[in-house]
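What follows is calculated from the coordinates using simple rules that are stated; it is not laboratory data. Treat the numbers as computed from the prediction; the structure is a model and nothing was measured. Ideal geometry is used to build each Cβ from the backbone, glycine not excepted, and the neighbour counts take in all protein chains shown.
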């Protein structure tokens with residue numbers, strides 16, 4: 001779910017994604033992409049790959065996050 005806070009995600013996954021420019025994972029992707037990405041777009045930053053799985057209007061509703069270093073992929077975060 002794009003509404004997952006970076007703080008909660010970092011704690012749950014033991015990651016260190018920056019939370020100084022955005023509060024949620026969707027906010028971080030939008031900030032880094034400098035636009036609202038389309039479904040299927042992929043971005044790499046902060047050591048992770050972010051793939052947009054689902055979007056509703058101007059809201060990212062599902063993102064797949066994979067560490068770039070080859071670790072096992074993180075679960076998909078989807079709308080509840």
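A Cβ distance below 7 Å, combined with a sequence gap of six or more or placement on separate chains, defines the contacts here; from segment 8-31, residues that are without any contact (Cβ under 8 Å) to a residue 24 or more places away in the chain and at negative phi reach residues that are part of a helix (DSSP H, G or I) and surrounded by fewer than 17 Cβ atoms within 10 Å (Cβ to Cβ) in the pairs 16/10; 19/7; 21/31; 22/31.
When residues of segment 1-27 are filtered for being within 15 Å of residue 67 (Cβ to Cβ) and in contact with a helix residue (DSSP H, G or I) (Cβ under 9 Å, 6 or more places away or on another chain), how many remain? Count: 5.
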